[in-house]
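To keep things clear, I will list the structure first and then write my remarks on it.
Derivation of every value follows stated rules applied to the coordinates shown; laboratory data play no part. Quantities reported herein were computed from a predicted structural model and do not represent experimental measurements. Heads up, the Cβs are rebuilt from the backbone with ideal geometry, glycines too, and the neighbour counts pull from every protein chain shown.
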Amino acid sequence: MSKEPISKIYLILEKIEYVEEIVSNVGSIRKALEDSVTTRPAILMHLTAIAEQFNKLKQANEIEILSHFDKDDLKGMYDTRTYIAHDYDGVNLAIIDWIVRHGLPKFKKQCLKLTK
C-alpha cells in the first residue's frame, strides 16, 4: 500500500478524533449540535473533510482500501457532505447525531484496522 492512500486514512482518523474531542469538551453530541456558532460548524466541517478524503480515495481507484468500508456507509457520508455543502441550514441534525454516534465509531474501527 502506497503512502498517499494511507495518509488519507490517517487524516480521516484525525478528523474523527477532533469530533470526539468536541463532543467530549461540550459533554454530549446533542449539546455540541445545539451550538450553532462554534461546535456544530466545527463538526459539520470535519464530517465534510472526512467525506472528501473518502471521495479522493474513490477517485484514485483505491479499491483495496475502500473495500474495507461498507459501500452504503461511504455513500451516506458523501451524501451528507453534499447536504452540508449545498443546504447548510437545512441539514437534519438528527442524521448528524446518528453519524457521530454510530457512523464515526464504525469508520474509526475500520480505519484503525487499516493502519495496523
Between LYS31 and GLN110, what length in nm is gained on full extension when 0.36 nm per residue of separation is reduced by their alpha carbon distance? 25.7 nm
From the phi of every residue in segment 34-43, what ³J(HN,Hα) in whole Hz does the Karplus formula 6.51 cos²θ - 1.76 cosθ + 1.60 yield, where θ is phi - 60° and glycine or proline is x? 6, 7, 7, 9, 10, 6, 4, x, 5, 4
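Which FRET efficiency value, to the nearest 0.05, is calculated for THR38 and ILE63 with the Förster distance at 35 angstrom and r the Cβ-Cβ distance? List each step's numbers first, then the result.
Values: r = 38 Å, r/R0 = 1.09.
For THR38 and ILE63, the calculated efficiency is 0.35.
By its C-alpha gyration tensor, with a ≥ b ≥ c as the square roots of the eigenvalues, how is the chain shaped: rounded for a/c under 1.5, else prolate for a/b larger than b/c, else oblate? All intermediate terms of the calculation are to be shown ahead of the outcome.
Values: a/c = 2.13, a/b = 1.59, b/c = 1.34.
Taking the square roots of the gyration eigenvalues as a ≥ b ≥ c, the chain is prolate.
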Can you give the net charge of the other residues whose Cβ lies under 13 Å from the Cβ of ASN92, counting K and R as +1 and D and E as -1? -3
